[in-house]
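What follows is a single structure, written as structure tokens, with notes after it.
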């Protein structure tokens, strides 16, 4: 069992070469480096991460429960290996390019002004998710539950309505091209 660290602030810590064997509750991480670190089997509950680098981090069975990420770099993160139990992340101004959410339940998560270039949402549950001003260039949506998801201010997405559940989803007029791209038609 891991040690529990609660209500602590970590500022500028480099966790890349430090072995972490603790669970965190209501902690704040500012300008910390987790890139390529092994965070497997740790749990973060009600934690806030600001300006942190998670690129290439190892997250096997890692729990993120009601965690906020602000201006974090999260390139190539494989979220699908995280623990499913109470998984919820809220991201603001984060770079999640090349990350994978394969089969993840993101229905409780929120995303504001994030980049998801080439991200994989295959078979994920994004029902009710708000993608406020998010850039989804090259993101993959296949057999994805997008019911009641809000794409009204999202940009650069392309998805096939026949291969995804989109009932009740909200799209802007400008985003219609992203819904029709699969049909290779010209919209003028």
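Only the coordinates and a few stated rules stand behind these numbers; no lab work does. Nothing here was measured: the structure is a model prediction, and the numbers come from that model. Note that we place each Cβ from the backbone using ideal geometry, even for glycine, and neighbour counts take in every protein chain shown.
Taking the Cβ of each residue in 48, 182, 144 as the centre, tally the other Cβ atoms inside 10 Å and list the residues starting with the fewest.
182, 48, 144
Based on DSSP H runs of at least 4 residues, each adding -39500 (n - 2.57), what is the mean residue ellipticity at 222 nm of the chain after dividing by all its residues, to the nearest 500 deg cm²/dmol?
-500 deg cm²/dmol
Note the full-extension length gain between residue 9 and residue 113 as 0.36 nm times their separation in residues minus their Cα-Cα distance, in nm to one decimal.
34.9 nm
Where the centroid of each part is defined by its Cα atoms, how far is the range 15-37 from the range 92-171 in Å?
27
Could you tell me the largest-minus-smallest coordinate of the C-alpha atoms of the range 1-96 on each of the three principal axes, in descending order and whole angstroms?
Largest first, the range 1-96 extends 32, 28, 25 Å along its Cα principal axes.
Starting from 0.36 nm per residue, how many nanometres of slack lie between residue 25 and residue 160 once their C-alpha separation is accounted for?
44.6 nm
Could you give me D for the chain, from Stokes-Einstein at 10 °C and 1.306 mPa s, where the hydrodynamic radius is the Kirkwood radius over C-alpha pairs? Units µm² s⁻¹, please.
My calculation gives 94 µm²/s for D.
Over the alpha-carbon set of the range 119-188, work out the extent along each principal axis and list the three values in angstrom, largest first.
Extents along the principal axes: 32, 22, 22 Å.
Going by how many other beta carbons lie within 10 Å of each one, how would you line up 127, 19, 40, fewest first?
The order, fewest Cβ neighbours first, is 19, 40, 127.
Compute the length gained on full extension between residue 123 and residue 61: take 0.36 nm times their separation in residues and subtract their Cα-Cα distance, giving the result in nm to one decimal.
20.4 nm
Over the range 39-188, what is the relative contact order in whole percent, taking alpha-carbon pairs under 8 Å and six or more residues apart?
This gives 14 percent for the range 39-188.
Along Cα→Cβ, 7 Å out, is where each label goes; now give me the distance between the ones at residue 92 and residue 142 in nm to one decimal.
3.5
When the convex hull of the Cα atoms of the range 54-117 is projected onto a plane and the area is averaged over all directions, what value comes out in nm²?
If you wrap the Cα atoms of the range 54-117 in a convex hull and average its projections, you get 3.6 nm².
Modelling each spin label as a point 7 Å along the Cα-to-Cβ direction, I'd like the residue 17/residue 1 distance in nm, to one decimal.
Distance between label points: 3.3 nm.
With an 8 Å Cα cut-off and a minimum separation of 6 or more residues, compute the relative contact order for the range 1-81 in percent.
Here the relative contact order equals 25 percent.
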